[in-house]
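I have placed the structure first, in the form of structure tokens, so that the comments after it can refer back to it.
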Amino acid sequence: MNIIVCLKQVPDTNEVKINQETGTLIRDGVPSIINPDDRNALEAALQLKDKENAKVTVLSMGPMQAKEALKEALSMGADEAYLVSDRKFGGSDTWATATILAAAIETIGDYDIVFCGRQAIDGDTAQVGPEIAEFLDLAQVTYVKDIKVKNEKTLEVSRFTEYGDYIYEVKTPVVLTAIKELNEPRYPTIKGLLKYFTEEDNIKTLTFDDLKVDETQIGLKGSPTNVKRSFVPVKNKTSEILEGDTVKDITNLLVMKLSEVNLI
Ligand SMILES: Cc1cc2nc3c(=O)[nH]c(=O)nc-3n(C[C@H](O)[C@H](O)[C@H](O)COP(=O)(O)OP(=O)(O)OC[C@H]3O[C@@H](n4cnc5c(N)ncnc54)[C@H](O)[C@@H]3O)c2cc1C
């Protein structure tokens, strides 16, 4: 079984500050991490490696700095890593990002499961996984919280929804998106960290020329959406503590106040 895990390197959002003039994220000096849901996707893939002898390939699109995320994934136990990077990819929205990742997956080839996180903590759209499935014309199960291998070509996948869990039987190849309830991600091993962060760079890089991708569908120009402005919403909630001698007095005051603003 071959599994490709899409990993996005994201800023550690607890540390992110907004440039008040431009409304953009200040990324300089902010530590980067593997997107949390992607860690769960990777852990699920590594568990399938442990149990089913699966091969785990990690794939990221981003600047050279994203190699750090891939090295960490290798240190956790992934077998192979690809970075997709090219100036032509800059400014891609989710459509263009998924177009590029789908083309990279086709180039890597021979996959049974494409695993994504449900959502990235910076872009926050949860669109890329389902878009990859559409572009590759594959079945998809999102919000995955459990996976069982039924046989070589069939998985039983549990999907979390607010109305209850759904259990699907799916044929591979398939795109799955992971949520945090799926598992507890493992830590990288010391041996792995030493090997992948100090020895030679064994991450394969794919550029525009390596992919069968239509240039009109990628980058800033190929992106059907763009961000007009980003900002932190101003919180303008006010609160008032009602006082009175008895509970009845306070309740009457509350009823009066709510009826003044037509809420009752
Ligand atoms: C309207 C709009 C305009 C944008 N314009 C720009 C821009 O001009 N410049 C710019 O740099 N960014 C831009 N972005 C951000 C860029 O589109 C996102 O970084 C990217 O498409 C991923 O979307 P997301 O973060 O919402 O991921 P989600 O859809 O929330 O991610 C779901 C999963 O997809 C996978 N995934 C997502 N991105 C990657 C990746 N890069 N590599 C590997 N796996 C991945 C991961 O498994 C992740 O958990 C824009 C986004 C939007 C919505």
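The values are calculated or read from the model by the stated rules, or taken from the named source; none is laboratory data. Just so you know, these numbers come straight off a predicted model, no measurement behind them. Cβ coordinates were reconstructed from backbone atoms using ideal geometry, including for glycine residues, and neighbour counts include every protein chain displayed.
Take the residues of region 53-77 that are basic (Lys, Arg) and either part of a helix (DSSP H, G or I) or within 10 Å of the ligand (Cβ to nearest atom) (or both): which is surrounded by the fewest Cβ atoms within 10 Å (Cβ to Cβ)?
Here the residue is Lys67.
Can you say whether Leu211 is touching a Gly at 6+ places or on another chain (Cβ under 6 Å) and surrounded by 10 or more Cβ atoms within 10 Å (Cβ to Cβ), as far as the supplied structure shows?
No: the conditions fail for Leu211.
Select from region 240-256 the residues that are part of a loop (DSSP other than H, G, I, E, B) and under 45 Å from the mean Cα position of the chain (by Cα) and write down the one among them that is surrounded by the fewest Cβ atoms within 10 Å (Cβ to Cβ).
The extreme case among them is Ile241.
Out of Thr107, Thr142, report the one residue that is outside any strand (DSSP E or B) and in contact with a helix residue (DSSP H, G or I) (Cβ under 7 Å, 6 or more places away or on another chain).
Just one listed residue meets the conditions, Thr107.
Could you give me the residue pairs with C-beta distances under 6 Å whose first residue belongs to region 105-126 and is at positive phi, whose second residue is assigned to a loop (DSSP other than H, G, I, E, B) and within 10 Å of the ligand (Cβ to nearest atom) wherever it lies, and which are 6+ apart or on separate chains?
Taking only residues 6 or more apart or on different chains, the pairs are Ala126/Arg118; Ala126/Gln119.
Condition (residue is within 16 Å of Gly219 (Cα to Cα) and within 11 Å of the ligand (Cβ to nearest atom)) applied to region 78-86: is it met by at least one residue?
yes
Exactly one of these conditions fails for Glu106: (1) out of contact with any strand residue (DSSP E or B) (no Cβ under 7 Å at 6 or more places or on another chain); (2) more than 24 Å from Gly219 (Cβ to Cβ); (3) away from the ligand (no atom under 13 Å from the Cβ); (4) at pLDDT 95 or above. Give me its number.
(2)
When you go through (1) within 16 Å of the ligand (Cβ to nearest atom); (2) part of a loop (DSSP other than H, G, I, E, B); (3) without any contact (Cβ under 8 Å) to a residue 40 or more places away in the chain one by one for Lys237, which number turns out not to apply?
Lys237 satisfies all of (1) within 16 Å of the ligand (Cβ to nearest atom); (2) part of a loop (DSSP other than H, G, I, E, B); (3) without any contact (Cβ under 8 Å) to a residue 40 or more places away in the chain except (1).
What residue, of Glu199, Glu243, is without any contact (Cβ under 8 Å) to a residue 12 or more places away in the chain and touching a helix residue (DSSP H, G or I) at 6+ places or on another chain (Cβ under 9 Å)?
Checking each option against the conditions leaves just Glu243.
So that you can scan it fast, the table gives a plain yes or no per residue for (1) under 19 Å from Val5 (Cβ atoms); (2) within 13 Å of the ligand (Cβ to nearest atom):
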| residue | (1), (2) |
| --- | --- |
| Asp137 | no, no |
| Val144 | yes, yes |
| Glu162 | no, no |
| Thr177 | yes, yes |
| Glu181 | yes, no |
